[in-house]
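Undergrad: One structure, as structure tokens, below. Some questions next.
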Amino acid sequence: MSTPGELVREVNFDGIPGPTHNYAGLAQGNLAAERHAQRIANPREAALQGLAKMRSLAARGVPQAVLPPHERPSIHALRALGFAGSDARVIECAARDAPALLAACSSAAAMWAANAATVSPSIDTADRRVHFTPANLAAHFHRALEAPTTTAVLRAIFADERRFIVHDPLPGAPQLGDEGAANHTRLSVVADAPGIEFFVYGRRSYGGGPAPSKFPARQTHEASAAIARRHGLDPARAVFAQQHPAAIDAGVFHNDVIAVGHGRVLLCHERAYIDQHAVLAELASAVGSLFMPLIVRESEVTLDEAIATYLFNSQLVDGADGGLVLVAPAECREHPRVSAYLDSLVADGGPITEVTTFDLRQSMRNGGGPACLRLRVELTPDERAAVDANVLLDDALAAALDAWIRRHYRDRLAAEDLADPALLDESRRALDELSGLLRLGNIYAFQQSPSRTVRSQ
Ligand code: SUG
């Protein structure tokens, strides 16, 4: 239990892109992923780009931590689909008979940690523990595979049950589709007082109502409401809004493609929500008079431009000068109108005093920008100290991860490479070493079987 008065501080847990990072075109309604399907990926570059962002933010004093990749290809999932024999035979048969399923079971999508879970800090919850609900990611098979490992990883990191509770994911049914923190934003004016938790959903599963017609609405109202209940939030401090169906149909598959919030600031596009005026009014009354919405007009940046550059998939972090830093994708500076908007945002004298960009192209091509790569966990100093795993990034861990990536990752992965059983061995060797480095214990299925199948080099 946290003691009143201890300041919560946001720690960014970034997902490390895994050794099987590839472009399989698996995500419906995610325009970047659809566009880059079957391109050749560079897993090593993906992991190094993510690490460079983490190092840079840590050097600014922004608390930074890591989440490990999942075991891929998932032999467990392939066996459940009826492929049998040795692990190599399972991969060979899947590659021959069902290459799309092999690609789904090989996806490194767990790197997008904003979809790992929804997190409520202890100051917001009835039992004063930090609550985590791992996302069921029910909208896509390749992502639904993540839920059990995410749950195990979070339970390994946040093991102290007096301070943390990692719930089971919600049942993995379409009616309860949940995509985690990508659709959840916590706003607060004072660090040591309860905040406002803002839940954004794409559709209601029961009772009808507006819904997109072209692309799936992945987050359901029912899931968001269940999370607010199980986390023990004060109903007066939970605000719900529905994404505009036209935005989803234009490619906004998560709220974090159209909005980012931090502290008292919410930066969003004017076409983000149904009945946006009412949503902003409700937030203003819940957060208080210091709430500061920054609304980007269609005349400044169109919805399509925002989706193409991932402007809103930026992080907002505390800067050294007391202002906020917008951590944006490099693509934003390559687009004249979006770049001009960023200049005006800083020149305005508002809360955002700096814009910094990162080249995250390997992830971006699959629809994952800076904000997708991180899960925000707000912790008191005492809660941070209760994390025994070696996941908080310091110079030593960053250097070890850098060397680990260079030692284990390929620099080229094409669709046909997923059929290579050596990729499984390489990936397991890498993850076995990583789980030791991060002091996570035997979190992976391959580490738990009596005949461990990690072959040393
Ligand atoms: O679920 N892409 C992911 C990107 C997730 C981005 N996350 C946030 N916006 N928070 C998705 O659409 C593509 C994988 C492929 O096609 O190979 C993919 O799953």
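The values are calculated or read from the model by the stated rules, or taken from the named source; none is laboratory data. On a predicted model such as this, the values are computed, not experimentally measured, just so you know. Because the Cβ atoms are built from the backbone with ideal geometry, glycine has one as well, and the counts that use them run over all protein chains shown. To get the accessible areas, we keep the full protein, side chains included, count just its heavy atoms, and leave off ligands, DNA and RNA. Shrake-Rupley method; radii C 1.70, N 1.55, O 1.52, S 1.80 Å.
Undergrad: If you roll a 1.4 Å probe over the heavy atoms of the protein chains, what accessible area per residue do you get for the stretch 1-100, in Å²?
TA: That works out to 40 Å² for each residue.
Undergrad: Using the heavy atoms of the protein chains and a 1.4 angstrom probe, tell me the accessible area per residue for the stretch 322-371 in square angstrom.
TA: Per-residue accessible area for the stretch 322-371 comes out at 35 Å².
Undergrad: Quick one: compute the contact order of the chain, relative version, from alpha carbon pairs under 8 angstrom and 6+ residues apart, as a percent.
TA: Details: 975 pairs, mean separation 106.0, N = 457.
Reported as a whole number, the value is 23 percent.
Undergrad: Using only protein heavy atoms and a 1.4 Å probe, report how much of residue 93 is accessible, in Å² to the nearest 10.
TA: Approximately 10 Å² of residue 93 is accessible to the 1.4 Å probe.
Undergrad: Still on this model: Non-local amide H neighbours of residue 11 (under 5 Å, H modeled in plane, Pro and chain starts lacking H): which ones?
TA: Those lying under 5 Å, H to H, from residue 11 are 377, 378, 379.
Undergrad: If I fit a long axis through the Cα atoms of helix 276-287 and take the longest principal axis of the Cα atoms of the chain, what angle between them do I get, 0 to 90°, rounded to 10?
TA: 80 degrees
Undergrad: Let me ask another. Which residues' amide hydrogens lie under 5 Å from the amide hydrogen of residue 296, considering only partners 5 or more residues apart or on another chain, with H built in the peptide plane?
TA: It is 268, 269, 270, by chain and number.
Undergrad: Pop the C-beta distance of residue 84 and residue 318 into the FRET formula with R0 = 56 Å and round what comes out to the nearest 0.05.
TA: Values: r = 53 Å, r/R0 = 0.94.
Result of the calculation: an efficiency of 0.60.
Undergrad: As I understand it, the value is the acute angle between the Cα axis of helix 43-59 and the longest principal axis of the Cα atoms of the chain; what does it come to in degrees, rounded to 10?
TA: 40 degrees
Undergrad: What does the accessible area per residue of the stretch 137-293 come to in Å², with a 1.4 Å probe and no ligands, DNA or RNA counted?
TA: On the way: 5720 Å² over 157 residues.
I get 36 Å² per residue for the stretch 137-293.
Undergrad: Roll a 1.4 angstrom probe over the protein heavy atoms and tell me the percent of accessible area of the stretch 212-265 that is carbon or sulfur.
TA: Percent of accessible area from carbon and sulfur atoms in the stretch 212-265: 54.
Undergrad: Out of the total accessible area of the stretch 27-108 (probe 1.4 Å, heavy atoms of protein only), what percent is carbon and sulfur?
TA: Reported share for carbon and sulfur atoms: 53 percent.
Undergrad: With each run of n ≥ 4 DSSP H residues scored as -39500 (n - 2.57), what mean residue ellipticity at 222 nm is computed for the chain after dividing by its residue count and rounding to the nearest 500 deg cm²/dmol?
TA: -9500 deg cm²/dmol
Undergrad: Leaving out ligands, DNA and RNA, what percent of the accessible area of the stretch 318-387 is carbon and sulfur, probe 1.4 Å?
TA: Numbers: 1200 of 2530 Å².
Heavy-atom surface of the stretch 318-387 belonging to carbon and sulfur, 1.4 Å probe: 48 percent.
Undergrad: While we're looking at this one, here's another question. Starting from the Cα gyration tensor of the stretch 152-306, take the square roots of the eigenvalues, sort them a ≥ b ≥ c, and report rounded, prolate or oblate (rounded when a/c is under 1.5, otherwise prolate if a/b is larger than b/c, else oblate).
TA: Verdict is oblate for the stretch 152-306.
Undergrad: With θ set to phi - 60° and the Karplus curve 6.51 cos²θ - 1.76 cosθ + 1.60, what are the ³J(HN,Hα) couplings of the stretch 377-390 in order, to the nearest whole Hz, using x for Gly and Pro?
TA: Along the stretch 377-390, the couplings run 10, 8, 10, 7, x, 5, 5, 4, 5, 7, 7, 7, 5, 8 Hz.
Undergrad: Averaging sequence separations of C-alpha pairs under 8 Å and six or more residues apart, then dividing by the length of the stretch 99-199, give the relative contact order as a whole percent. If you can, show how the numbers build up before the last one.
TA: Details: 165 pairs, mean separation 29.9, N = 101.
The normalised contact order for the stretch 99-199 reaches 30 percent.
Undergrad: Now for a separate question. Given H placed 1.01 Å from N in the peptide plane, which residues other than close sequence neighbours of residue 355 have an amide H under 5 Å from its amide H?
TA: Excluding prolines and chain starts, which carry no amide H, the hits are 326.
Undergrad: In terms of the Cα gyration tensor, with a ≥ b ≥ c the square roots of its eigenvalues, is the stretch 323-419 rounded because a/c is under 1.5, prolate because a/b exceeds b/c, or oblate?
TA: Oblate, since a/c reaches 1.5 and b/c is not below a/b.
Undergrad: Next question. Tell me whether the stretch 106-230 comes out rounded, prolate or oblate; compute the Cα gyration tensor, take square roots of the eigenvalues as a ≥ b ≥ c, and use a/c under 1.5 as the rounded threshold.
TA: Note, shape of the stretch 106-230 comes out oblate.
Undergrad: Which ³J(HN,Hα) values in Hz, rounded to whole numbers, follow from the phi angles of the stretch 26-37 under the Karplus curve 6.51 cos²θ - 1.76 cosθ + 1.60, where θ = phi - 60° and Gly and Pro get x?
TA: My calculation for the stretch 26-37 gives 8, 9, 6, x, 9, 5, 5, 5, 5, 5, 9, 3 Hz in order.
Undergrad: Continuing with the same structure: Taking only C-alpha pairs under 8 Å that are 6+ residues apart, what is the relative contact order of the stretch 246-320 in percent?
TA: Numbers: 83 pairs, mean separation 31.9, N = 75.
Over the stretch 246-320, the number comes to 43 percent.
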